[in-house]
Amino acid sequence: MDTKHSIGVFDSGYGGLTVFKSIAKKLPQYNYIYFGDNARSPYGDHSFETVYQYTLECVEWLFAQGCPLVILACNTASAKALRSIQQKVLPVKYPNHRVLGVIRPTAEIVGAYTNSKTIGVMGTRGTVNSQSYLLEIKKFFPEINVFQQSCPMWVPLVENNEHLDPGADYFVRKYVEELLQKNGDIDCLLLACTHYPLLIPKIKAILPEGIGLLGQGEIVANSLENYLSNHPEISSVIGRDSFKSFFTSGDRNTFDEHASIFFGEEVHSEHVDLNPNFLDV
């Protein structure tokens, strides 16, 4: 199979697989390469410069595998690295390549999911502190009020496969209640981290009636479909063998075990050393 031309999907770990799952379901005909930087995950508490450097290394690796288009299926990378890569790197080094994120597609449609014009955003500290959702949503819907809540325990719960345990209930309730206490008009919660869909059953169980819950997988998949339709110069060079390959900078056996849960089907990956000396630090 020709995997030289694939759509690259990147995340710092496993969460991006929830987005990839929706993309592959919506657009099954294309070839895909998924890369998880598990050796350096999570990205949420790292500085802008560190996240930018990590993300750029992973994007360039995907470019080297023949991906003309890379999706940053990671809110932290989208918030802290996407703009710099798009504006400073691509025009100079990769003028024929494209990198897209998950924040803008979500911001473009969130207005359709709120009647009160008041929404809550739940994300990692890095995403929340970046203010990216506030800025992007205001571009499209200046009338919408946005309240944010960082959820530092949610990613560890999911990554350690403890998200369905009774012990996770406390942290799910804690962050949801803290957000809802910020404003009584919130009628939509946006899950601004690709790990969080695995917590949806627990979140729904405690959400008051009338408050909607919005994930990103289907939104990003629909946005990508529109993008490829509008950019034949990209879509025409991507292989259509329905081929999916998975790579991780971490331990591949651990990755396969966890990734299969996120992706919803058995996953077999290969290990990649991006920069062994740097990763060992």
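The values are calculated or read from the model by the stated rules, or taken from the named source; none is laboratory data. What you are looking at is a predicted structure, and each value in this text was computed from that prediction instead of being measured. When we count neighbours, we look across all protein chains shown, and the Cβ atoms used for this are built from the backbone with ideal geometry, even at glycine. Only protein heavy atoms, including side chains, enter the accessible area calculation; ligands, DNA and RNA are left aside. Shrake-Rupley method; radii C 1.70, N 1.55, O 1.52, S 1.80 Å.
Taken along the Cα-to-beta-carbon direction at a fixed 7 Å, the label points for residue 113 and residue 213 span 1.2 nm. One chain, two ends: residue 240 and residue 227. Fully extended at 0.36 nm per residue, the span grows by 3.0 nm beyond their Cα-Cα distance. Summarised as an ellipsoid, the stretch 65-153 has semi-axes of 27, 15, 11 Å, derived from the eigenvalues of the Cα gyration tensor scaled by 5 and square-rooted, with the largest first. Per residue, the chain exposes 44 Å² of solvent-accessible protein surface, assessed with a 1.4 angstrom probe and all protein chains in place. On a 22 Å Cα-Cα criterion, which of the cross-link pairs 80/138; 25/80; 80/139; 93/138 come out too long? Result: 25/80; 93/138 exceed 22 Å. The Cα-based radius of gyration and maximum Cα-Cα distance (Dmax) for the stretch 173-281 are 19.2, 52 Å.
Here the chain is treated with +1 on each Lys and Arg Cβ and -1 on each Asp and Glu Cβ, and its dipole about the Cα centre works out to around 820 debye.
With viscosity 1.002 mPa s and temperature 20 °C, the Kirkwood radius over alpha carbon pairs of the stretch 1-117 converts through Stokes-Einstein to a diffusion coefficient of 145 µm²/s.
If you model the stretch 96-144 as an ellipsoid using its alpha carbon gyration tensor, with each semi-axis the square root of five times an eigenvalue, the axes come out at 20, 15, 9 Å, biggest first. In whole Å, how far is the Cα centre of the stretch 48-66 from that of the stretch 105-180? Each part reduced to its Cα centre gives a spacing of 25 Å. Computed per residue of the chain from DSSP H runs no shorter than four, each worth -39500 (n - 2.57), the mean residue ellipticity at 222 nm is -12000 deg cm²/dmol.
With Cα atoms defining each centre, the stretch 202-270 and the stretch 17-31 are spaced 6 Å apart in the structure.
Modelled label positions at residue 161 and residue 93, each set 7 Å beyond Cα in the direction of Cβ, lie 3.6 nm from each other. For the chain, averaging the sequence separation of C-alpha pairs within contact (under 8 Å, six or more residues apart) and dividing by the residue count gives a relative contact order of 28 percent.
When the Cα positions of 263, 140, 50 are compared along the charge dipole of the chain, 140 comes out farthest toward the positive end, with charges on each C-beta of Lys, Arg, Asp and Glu. What the phi angles of the stretch 92-99 give under the Karplus curve with 6.51, -1.76 and 1.60, with θ = phi - 60°, is a coupling list of 8, 9, 9, x, 9, 10, 9, 10 Hz, glycine and proline written as x. Each other residue within a Cβ distance under 12 Å of residue 207 adds +1 if Lys or Arg and -1 if Asp or Glu, for a net charge of 0.
Taking only the alpha carbons of the chain, we obtain Rg and Dmax values of 18.1, 54 Å in that order.
Of all aspartates and glutamates in the structure, those lying under 19 Å Cα to Cα from residue 182, and not within fewer than 8 positions of it along the same chain, are 143, 209.
Placing unit charges on the Cβ atoms only, positive for Lys and Arg and negative for Asp and Glu, gives the stretch 129-238 a dipole magnitude near 180 debye about its Cα centre. Based on Cα atoms of the stretch 43-198, Rg over Rh with Rh as the Kirkwood radius reads 1.00. Evaluated with a Cβ-only charge set (Lys, Arg +1; Asp, Glu -1), the stretch 159-221 carries a dipole of roughly 40 debye about its Cα centre, given to the nearest 20. Once divided by 2.2 N^0.38 Å, the Cα radius of gyration of the stretch 40-92 becomes 1.07. The spread of Cα positions in the stretch 201-254, taken along each principal axis and listed from longest to shortest, comes to 47, 37, 17 Å. Three principal axis extents describe the C-alpha atoms of the stretch 19-67; from largest down they are 37, 23, 17 Å.
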